[in-house]
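Input: a single structure, listed below in structure tokens.
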Amino acid sequence: MSARTLPGMSPPVPHDAARTRVLVIEDDDTIGRHLHAGLRGSGYAATWCRTGSSGLAEAGLTRHDAVLLDLGLPDVDGMDVARHLRADHPDLLIVILTARSDEIDVIAGLDAGADDYLVKPFTLSVLLARLRAHLRRRPAGSPAESAPIRLGDLTVDPASRRCLVAGGEITLRPKEFELLVALAQRAGAAVSREDLMAQVWDANWFGPTKTLDVTMAALRRRLEAAAAAVPEGRPRLPHIATLRGHGYRLEPPAG
């Protein structure tokens, strides 16, 4: 990415942008300066760190809504930074910025805890659109949509953002939880990939659909691990069925 790829026509500033804190962790002086200036010019409260260690320290000192993370940092591998950020700040939006474009690198970045992945070069307008898509607040749901959902020994509570297996709470990443809610609210019904992408990643999502597959695989692993950890025997959990060519279906447990 070069300086000339970042400037572009600035889209409308979100009304709540000034309340949105974005941390940029980027060692390249030109890119970092343009990202920092572009975010501030679009109304975001932006902070720029040039190393992974200083970025982690800043994230620990101040609450941020989003992090733009370069993988090629001089002191710490960006993947490790993503893992630390995700472990310490479960609700933080993490967008990886990198020149690595191979699919295996994209999957590794998402599996490390990132919510999105932008390959350099990219334009500032695309980056801002991604931020708006992720940070845009969805209208509040009806009471029925916010009520706890119980499927066998699984309880999903959208209002408190809690997930319990046999009464024990398990930790899910933000997108994993939202994906589970999207399926649980329509348990037994087939849900298309397009519907899931629109509900969980925003209707205007234009990133790789591989994101859905990686998040679904991680959700399945976490539910399986939680079930295996229950000491009183195997809990009754719903099954996430893959519907090839269409999407997924959350099948309630028998009985």
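The values are calculated or read from the model by the stated rules, or taken from the named source; none is laboratory data. This is a predicted model, so every value here is computed, not measured. Heads up, the Cβs are rebuilt from the backbone with ideal geometry, glycines too, and the neighbour counts pull from every protein chain shown. Only protein heavy atoms, including side chains, enter the accessible area calculation; ligands, DNA and RNA are left aside. Shrake-Rupley method; radii C 1.70, N 1.55, O 1.52, S 1.80 Å.
When peptides 227-236, 114-123 are sorted by average Cβ neighbour count within 10 Å, with the highest value leading, the order is 114-123, 227-236. Of the accessible area of the range 144-184, computed with a 1.4 Å probe over protein heavy atoms only, carbon and sulfur atoms account for 45 percent. In the elastic network of the chain, a GNM with C-alpha springs shorter than 10 Å, the most mobile of 211, 47, 171 is 171. Taking every DSSP beta bridge that has both ends in the chain, the antiparallel portion is near 50%. Dividing the summed helix terms, -39500 (n - 2.57) for each DSSP H run of n ≥ 4, by the number of residues in the chain produces a 222 nm estimate of -11500 deg cm²/dmol to the nearest 500. Amide H contacts for residue 149 (H built 1.01 Å from N in the peptide plane; partners 5 or more residues away or on another chain; cut-off under 5 Å): 156, 157. For the chain, modelled as a GNM whose springs connect Cα atoms under 10 angstrom apart, the maximal fluctuation among 66, 57, 218 occurs at 57. The alpha-carbon atoms of the chain define a convex hull whose volume equals 136 cubic angstrom per residue. Taken along its principal axes, the alpha carbon cloud of the range 36-152 reaches lengths of 49, 36, 32 Å, longest axis first. Between 160, 125, 53, the Gaussian network model of the chain with springs among Cα atoms under 10 angstrom shows the greatest mean-square fluctuation at 160. Sorting 192, 101 by solvent-accessible area of protein heavy atoms yields 101, 192, largest first, with a 1.4 Å probe. At a probe radius of 1.4 angstrom, the accessible area of the range 159-255 per residue rounds to 49 square angstrom.
Computed from phi, the 3J(HN,Hα) profile of the range 162-175 under the Karplus parametrisation 6.51, -1.76, 1.60 (θ = phi - 60°) reads 10, 10, 10, 10, 6, x, x, 6, 10, 9, 10, 5, x, 6 Hz, with x in place of Gly and Pro.
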